[in-house]
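Participant: Got a structure for you, questions after.
What follows is calculated from the coordinates using simple rules that are stated; it is not laboratory data. Just so you know, these numbers come straight off a predicted model, no measurement behind them. Cβ placement follows ideal geometry from the backbone for every residue including glycine, while neighbour counts extend to all protein chains displayed.
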């Protein structure tokens, strides 16, 4: 531990420990003097500043905890300037930064007490980026440490780690290459006692391998948790005074007494019927207390009665599950809601599907385009192209509310990424299917696990579009109700179980294994054994859902929509790319203008040519081949243009920019006095390349063509 004095007279305190092969250092009091708490974290060459602000007063007018967590990418951290020609300053966070902000938020949010209404903000700023590993886990540790130092009632610390798999062995802080080439990309966050959050992308990894990785990760984060505890002791944190906004015990007692005997089995029914019963019962309860208290006094307390109703309703759901073994809609713990699906429902779309599970419904539309339509990625960590994109939209009407339409929020971006991750391992590679693919899920109705409905509908729409998926994918959301030592896992949770339960666990995959995983806890950590049970039960549920999907469409269509572009590819010598493009793009633009085809050229010499018209593609392919092919001695070039006629012969262009001489003696089998007697400029003739001299000059012959064809003519019979 090293200590010096900062300008405000405070000691600069630094603690460090060995953490997964590198030194992790946490330092306070060097920067951020006016924040409630700030921590500078260093791991390798990654440096992150985490600042925490906690208001002194409770926001009594709010009915939710006003916590915001942001993750800021800085291009300078990676030694980069934005590739945009017009905007060089960081602006709206990238989708990747939003997803990391959510990743940090999810294990931290449940560790604040219910009823805490002080405004809290956490900001993690990446100041220096070590390219050997991703910085998100270090940002999570730094923010957790900052919250611990505020003295606010944060029940941490929390730590996270990203785990990969190299040569079938688990690796902490795997490199970008190991994550890209391996079968697993897993982030686990937890406390000393249990796991709080899981986020994973996988290439058909088994449930046993995931459980092994969870155990590995939880053990690996312990040094980072202990280091935060050491820092708290070294700083000498003083607890903040606070008050909790809780429901009046008297109001809760009144509500519970009025509801006595009115809930339980009397409300258990399929969603639509149960929803109506709950709506009627809630209205009757409000009317009762309005008459009892008077209209104005009740209006002032209506929010409290609303909250007491929600507490009672959630308690009733949990009681039914734990004591009676029955879910709110009457299902068994492993039972899936009614399923149905359709494909090809939008006539002009390249692929479409409608997937319905209970009252949750997702419409997915797939659009195919040439590779020139790929998304360009330019962030602090990444730069490159993205050819498969999934987008998710869920307007207000999907939950029966009036909401202003706007750009996608953090939830929409998160669900987009989860569904995209679930399908990415089965998307065919560029060589097999040379298209940019956009899959858009429009949620039609929400009643639990729309992200996994997006996975299922996206899979069906991709198959309907003729995308040759390596395997079909289905997804399911699992829930959990913990009562003492009893942990009950629920398959395919609906809204009521999500609100009343202790876990939201989403898992997607093929018959072979898991492709995506997301788990959030509402209690303070969970043992791996419970997660193992959830994974196994989820595998059975996924298989059931997949069977239903495949009964609608068993495999990708062999033929694409007539409205989808066709893409073909040819390979050319990379050294010839410049010739195809031409000066300032002149040649390639001419090909595009005259054939109507789109052309994309990769650095390895692969040329992708796309158009809805087969003739257009063929014309562009022939043009590219003519430009890039080398003259071949002995080959006959048909219908080639005479460029010029001179006294000693004629020059003919056999390939773009490649001309050869037909000497006067090679113009015809008969004697020719003047070349102009046989050919004129602009004529189209057939010539044979007979030789290339040591200076690269092409020697052509029309006479050789005539002789060769005469030899292949059938002989005439003599009568």
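Participant: In degrees, nearest 10, range 0 to 90: what is the angle between the Cα axis of helix 528-552 and the longest Cα principal axis of the chain?
Facilitator: Around 50 degrees separate the two axes.
Participant: Which whole-angstrom value gives the distance between the alpha carbon centres of the range 160-178 and the range 416-441?
Facilitator: The distance from the Cα centre of the range 160-178 to that of the range 416-441 comes to 23 Å.
Participant: Go ahead and run the numbers for FRET between residue 578 and residue 176, Cβ-Cβ distance against an R0 of 41 Å, rounding to 0.05.
Facilitator: E(calc), rounded to 0.05, equals 0.85.
Participant: If you don't mind, there's one more thing I want to ask. What number, in percent, do you get for the relative contact order of the chain if the mean sequence gap of Cα pairs under 8 Å and at least 6 apart is divided by its residue count?
Facilitator: Across the chain, relative contact order equals 10 percent.
Participant: For the peptides 251-261, 142-152, what is the packing order when you average, over each peptide's residues, the other Cβ atoms within 10 Å and list the highest mean first?
Facilitator: Taking the mean over residues of other Cβ atoms within 10 Å, the ranking is 142-152, 251-261.
Participant: Sketch the reach of a paramagnetic label on residue 229 as a point 7 Å from Cα along Cα-to-Cβ, and name the residues of the range 131-146 whose backbone nitrogen lies under 19 Å away.
Facilitator: Once the point is set 7 Å along Cα→Cβ of residue 229, 141-146 turn out to lie under 19 Å by backbone N, inside the range 131-146.
Participant: Compute the acute angle (0 to 90°) between the alpha-carbon long axis of helix 249-259 and the principal axis of greatest extent of the alpha-carbon atoms of the chain; round to the nearest 10°.
Facilitator: Helix 249-259 sits roughly 80 degrees off the main axis of the chain.
Participant: Here is a further query. Using the per-residue mean of other Cβ atoms lying within 10 Å as a proxy for protection, in what order, highest first, do the peptides 49-56, 70-77 fall?
Facilitator: 49-56, 70-77
Participant: Here is a follow-up. Starting from the 7 Å offset along Cα-to-Cβ, what nm value, one decimal, do you get for the label separation of residue 558 and residue 335?
Facilitator: 4.2
Participant: With just the Cα atoms defining each centre, how far is the range 657-719 from the range 112-149? Give it in Å.
Facilitator: 79
Participant: Given a Förster distance of 56 Å, report the FRET efficiency between residue 10 and residue 604 from their Cβ-Cβ distance, rounded to the nearest 0.05.
Facilitator: 0.45
Participant: Now a separate question. Arranged from highest to lowest average of other beta-carbon atoms within 10 Å per residue, in what order do the peptides 300-307, 155-162 appear?
Facilitator: For the peptides 300-307, 155-162, the packing ranking is 155-162, 300-307.
Participant: Going 7 Å from the Cα of residue 512 along its beta-carbon direction, which residues of the range 532-557 have the amide nitrogen within less than 16 Å of the resulting point?
Facilitator: 556
Participant: Another question, then. For the chain, take the longest principal axis of its alpha carbons; what is the angle in degrees between that and the long axis of helix 614-628, to the nearest 10 within 0 to 90?
Facilitator: With rounding to tens, the tilt is 70 degrees.
Participant: So for the range 285-407, averaging the separation of alpha carbon pairs under 8 Å that are six or more residues apart and normalising by length, what relative contact order in percent results?
Facilitator: Reported relative contact order: 9 percent.
Participant: With the contact rule set at Cα under 8 Å and sequence spacing of 6 or more, what percent relative contact order holds for the range 339-552?
Facilitator: Reported relative contact order: 22 percent.
Participant: Return the distance in nm (one decimal) between the two label points of a simple spin-label model at residue 302 and residue 59, each offset 7 Å from Cα along Cα→Cβ.
Facilitator: Here the modelled spin labels are 2.2 nm apart.
Participant: Can I ask one more? Between residue 208 and residue 589, what is the spin-label point distance in nm, taking each point 7 Å from the Cα along the Cα→C-beta axis?
Facilitator: Result for the modelled spin labels: 6.1 nm.
Participant: I'd like the distance separating the alpha-carbon centroids of the range 627-649 and the range 183-240, in whole Å.
Facilitator: 71
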